[in-house]
Every structure is written in structure tokens, then in C-alpha cells.
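Take a look at the structure set out below.
The values are calculated or read from the model by the stated rules, or taken from the named source; none is laboratory data. Just so we're clear, the structure is a prediction, and the values are computed from it rather than from any experiment. Using ideal geometry, Cβ is built from the backbone for each residue, glycine included, and neighbour counts are taken over all protein chains shown. To get the accessible areas, we keep the full protein, side chains included, count just its heavy atoms, and leave off ligands, DNA and RNA. Shrake-Rupley method; radii C 1.70, N 1.55, O 1.52, S 1.80 Å.
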Amino acid sequence: MSSSPSPSSSSRWTSCLILLQVLNLAIAATQSADHVTEDHRYWLDLGREDILRALSEQRNTGIAKNVILFVGDGMGLSTVTAARIYGKTERGRLAFENFPNIGTLKTYSADKIVPDSCSTATALFSGIKANQKTSGVDYRVVVDDCEASLKPENTIDSMFVWAKEAGKSTGFVTTTRVTHATPSALYAHTSNRNWECEDKIPKNAAACKDIARQLVEDLPGRDINVIMGGGRQNLQSNVVGSDADPIDPWSCYSKDGRDLIADWTADKNVRNFKHRVVQNNEELAGVDHSEEFLLGVFANGHLKMEHERDQGPKGMPSLRNMTEAAIKNLMKNPDGFLLMVEGGLIDFAHHRGHAKQALSETMAFNDAIERALELTKAKASETLIIVTSDHSHPLVISGYADRSVPITGIAQNSKFDGVPYTTLLYGTGGPDNYKFFVNQSSVARENPALVNTDDINYAQQAAILTDEVAHEGSDVLVYATGPMAHLFHSVHEQTYVAHVISYASGIGPQSGRNDGHRSSISHHVIAAVLLIPLWSLTG
């Protein structure tokens, strides 16, 4: 429930809305759909429109019954900017760029300036920073330290544990393997993100359970209501690949005889829960959302990228499809739900240095957000939606290209050697991105104007050659709308996201505000109490 404005503030708010509507009509009347004259009137009207929109915003201080956290893996600010230009125009906005609240997140991990995805996911989902390559454990667990990860005092509860304790439904959907780095932090405790199945666990770490088994056998994994993504080769042994669904050579490949999908089904039968397993578009479309548990495993490894996805009955679903199914399934819980949606292939495309693929995946991610907004519109006042990234990538937008030039096109000629370069470049890259060669005893750079830089498989040039495009360590943005979204307002630690979710929804470590109704105690008093140093309470 939102706080009630005073009569005077309500009047100002109504006036702002009326002025905003009039101004929008005036702007629309002076510009065609295909062309906008960016004269002084255009910019003055646009500035006035933004001010009126800001003045019309009201804070929603109610309880977030539902929370949806969207994570664009590797979706740094340059990726968002380039995707906006690619999918809209430089004047356009992605769905989440219309959210009224925004902040920045510091992404460093417990031990690295530039983080990986499981350490950042642990920060986002639990509110505690972890070391590189570890998931669901604190700084005392370093990579490969199986023994330390088994100590209860070193493990961390995620927001899924908090939600279940409050009676909420939980779910996650991803375009990666369901055992991959980001989703693993929701349910697993591991000292190595690569231990997705038994195949990658060394003999000296045999006491540690792999990530796939933790998902199906342990809490909170086996109580997650909706699970959708790829990763069949980690859940079932000796699966056979095909051209349409190849084996993922980057991941585990189980050989121990397991069938964790059958085990998941057996567990739900024993506990008398209505459930369903789906493995393609046709089966997902047949879900009636009466199930208490839904497991979708659509690929041996990661799902196909949007541009190459088979949309037929036996093909793989889009992130939008999976997000819609998850929300429809979870919304039936009267106590609310907590859903995590990962656009994981943005990162996959960046790692391989294919910028246009990353932009395409960002637009697919945006499509999922648009659908979530549509489905939760009737419950917008009680649904907190957060969009952020776990880390950035070294995608550079450089040169001085005209606005009429595609974002994937040529920026200008180098003033050093006269060779053209593209607007989009990478700081680091793999062999496909290294475009230098020796020409008459000197180093020269390939001319991108001689190839189609708009091709979906074009690999942008990179400055430094390594095995692949490495992550980048700059801050990422966080966008929010709904109850307590205004808490995102400044530069924050990445861990802050989990704490806002906890406070806004009345679950977990910051849940003191929720006593069944909005507390009568002033939020300012609560804030003051939270800021009292611990040493002052312990003498």
C-alpha cells in the first residue's frame, strides 16, 4: 500500500500529470513518426516533460508482495547504450530505462577488482560478497577449498531461503544451464563454480556435492517452484547431442548414471505435489499453470541464442516465453513470489567478441522485461521489479560516427594509419578479435570496411589478445519500480540489492518492517536505528 499524499501534494501531483499529458500531446503533434526536428523547441519541451515526470512521481512505501529480479549477465552501461541504439534509436528507451529509480552498483568481489558471475550473483542474492569462482559461501572459502565450503558457518542463505520461510513461491529462469554460475548462487554452496556435475570434481574434493545434485536433493533447491533453462548434460548421464542441441564442451558431462530429472519427479510424487517436466516449446505451451512445481530443461548445455533459436514445437523457448510461464505459475500464491530472470547469453556473446549477438540478446532480455510488466500491471503497486547486471564487459563505443550510421558500422578512419575502425570495439578479446598482422616488418590492422561489420557473427577488433573477452570492472546500473524502489538512489555496494529485497518484501535479515501491515513507526526512525553502530550496543 502506498503512503497517502497530503492534499497540497496531491493537488500538485494531479497538476503535474495534467501538464505532462498536455505536453506529450503537443510534442506528438509537432513530430512525425519517422522524423523529429530537434530544434530549440524540441529540447525545451523534452526538458519540461522530464521535469514534470519527475515531479509527478510518488514513492510507494508499501510491502512488496512480489519481487522480480532481472539480471543481464555482462550487461554493462556500454551494452545498454549500444542495445538502445541498435534496437530503438539513440532517442529511444528500453523498457527498464523508463523505471523511475536508478542507482549504481560496485561489482568487485571479495578478492578481485574485476569479478566473475558466481561471486557477483552471491552478492546480489544473499547480500554478502564472495571470492572469485565460489558460490553461496563467504570470503573464508577460496576456490577449490571443499573442506571450508562444508562448514555451516561459511555458507550463506540466499533470498530464496528468506522467501520460503515467509511462505512465498520461488523460481528462476535462465538462458544458460540451470547449474551455471548465476543461478547456482540461489541454491548451492560450492568452492568451485565448475563443479556442476561429478565429472569436474577432483578426488580430493569427493566430499563435496556437485551443483546439480544440490539443486535437486538439497534445500532450498528442491523447494524451488519454477526452474527453467538448459543443462541436461549435468542432470542426466550420458546424454546424446545433436546438431539442434549439441553437447556443451565448456561444461560438465555427467557419466555416473544419474537421472536427476527423474529424481526431481520422484521427490514431488513422494511429497504429493502437482508437478510437470517440460523440454520444448510445445510442452511449455501446454502448461496450465496449476502445477505447484515446474521444471523446464530445454537444452543439453545453454539454450540457443535468440537469432538462431528454433521457434517450432520441438524448439527451445525464448526468455520472454519462460518468463511469462514462470510468472503465471508463481502468481497464484496468495503470499506472493520471488523470481530471478537471467539473460545469460549477453555475457556468452561478449566473451566470444560478437557485439551484435550481445545486443540481440539484450533486446531479447528487454522483451522478457516488457512481458513481465504487462503480466504484473494489475499488481504493480505490490510488485517490485529490479533490473541490473552482475558485471560489465569491455565493450567500447568510440569514434565520431554520424547518427545515421548503424551502431555496428564504421566510425571513422584512424588519424594514425588511415585504416577505418568500427564504433564498437573490445578492450580484450580472443583470437577472432585480434585483427593485427605484420606488413613489411611493421604491424598493421585489418581494414573492417572490407567485410560486413553488421553480420551477426562479426567479431569486433580488440586491443589485447587473450583466450576470450574478459570481464570489465566498472560499476553497473540498477533500475527499479514498485514498492520501495526509491531505495535505489545513489552509489551502492552490489550486496545492497539483496538487502533492499529483504526490506521491501519483509523477508530475511532486513525484515523488521513487516508485522502483517505497514509499520506505524516512521521510516526515518527505522533508518536511524539501522545506522546505530554495533559497538555502541555492545559497550
- [ ] With a 1.4 Å probe and all protein chains in place, put LEU465, LEU294 in order of accessible area, largest first.
- [x] LEU465, LEU294
Open item on the list: Charges on Cβ only, +1 for Lys and Arg, -1 for Asp and Glu, centred on the Cα centroid of the stretch 158-293; of ALA188, ALA266, VAL278, which one is farthest towards the dipole's positive end?
Closed with: ALA188
Task: Surface share of carbon and sulfur [accessible, 1.4 angstrom probe, percent] for the stretch 399-517 - done: 52
Open item on the list: Using Cα-Cα distances under 8 Å and only pairs 6 or more residues apart, what relative contact order does the chain have, in percent?
Closed with: 22
TODO: Please give the calculated 222 nm ellipticity per residue for the chain, where each DSSP H segment of at least 4 residues contributes -39500 (n - 2.57) and the sum is spread over every residue; nearest 500 deg cm²/dmol?
DONE: -9000 deg cm²/dmol
Open item on the list: Keeping every protein chain present and rolling a 1.4 Å probe, give me the accessible area per residue for the chain in Å².
Closed with: 44
TODO: Provide the net charge surrounding GLU468, with neighbours chosen by a C-beta distance below 14 Å and charges set as Lys +1, Arg +1, Asp -1, Glu -1.
DONE: -4
TODO: Answer rounded, prolate or oblate for the stretch 137-293, using the Cα gyration tensor with square roots of eigenvalues a ≥ b ≥ c: rounded when a/c is under 1.5, else prolate when a/b is larger than b/c, else oblate.
DONE: oblate
TODO: Note down the accessible area of ARG91, probe 1.4 Å, to the nearest 10 Å².
DONE: 100
- [ ] Quote the charge dipole size of the stretch 112-196 about the Cα centre in Debye, to the nearest 20; the model charges only the Cβ of Lys and Arg (+1) and of Asp and Glu (-1).
- [x] 240
Open item on the list: Please give the charge dipole size of the chain, origin at the Cα centre, charges +1 on K and R Cβ atoms and -1 on D and E Cβ atoms. Round to the nearest 20 debye.
Closed with: 1120
Task: Rg over Rh, two decimals, the stretch 36-150 (C-alpha only, Kirkwood Rh) - done: 1.12
Task: Sum of side-chain charges, PRO115 neighbourhood, beta-carbon under 11 Å (Lys, Arg +1; Asp, Glu -1) - done: 0
Task: Cα gyration tensor category, rounded, prolate or oblate, for the stretch 340-379 with a/c compared to 1.5 - done: prolate
TODO: Determine the share of the stretch 54-149's accessible area contributed by carbon and sulfur atoms, expressed in whole percent, with a 1.4 angstrom probe.
DONE: 51
TODO: Return the long-range amide H neighbours of THR170 (sequence gap of 5 or more, or a different chain), with a cut-off of under 5 Å between placed amide H atoms.
DONE: ASN225, VAL226, LEU338
TODO: Taking chymotrypsin sites (Phe, Trp or Tyr not before Pro) as candidate sites, keep only those in a DSSP loop with at most 16 other Cβ atoms within 10 Å, then name the longest stretch of the chain containing none of them.
DONE: 1-138
- [ ] With unit charges on the beta carbon (Lys/Arg positive, Asp/Glu negative), name the residue among ILE227, PHE70, GLN214 whose Cα is farthest towards the positive pole of the charge dipole of the chain.
- [x] PHE70
Task: the stretch 88-163: Rg to Rh, with Rh as the Kirkwood radius over Cα pairs - done: 1.15
Task: Cα gyration tensor category, rounded, prolate or oblate, for the stretch 163-253 with a/c compared to 1.5 - done: oblate
TODO: Please report, as a whole percent, how much of the solvent-accessible surface of the stretch 240-333 comes from carbon and sulfur atoms (probe radius 1.4 Å).
DONE: 50
- [ ] Find the Cα radius of gyration of the stretch 362-488, compare it with 2.2 N^0.38 Å by division, and give the number to two decimals.
- [x] 1.43
Open item on the list: Suppose a student asked you for the relative contact order of the stretch 386-516, using Cα pairs under 8 Å spaced at least 6 residues apart; what percent would you report?
Closed with: 26
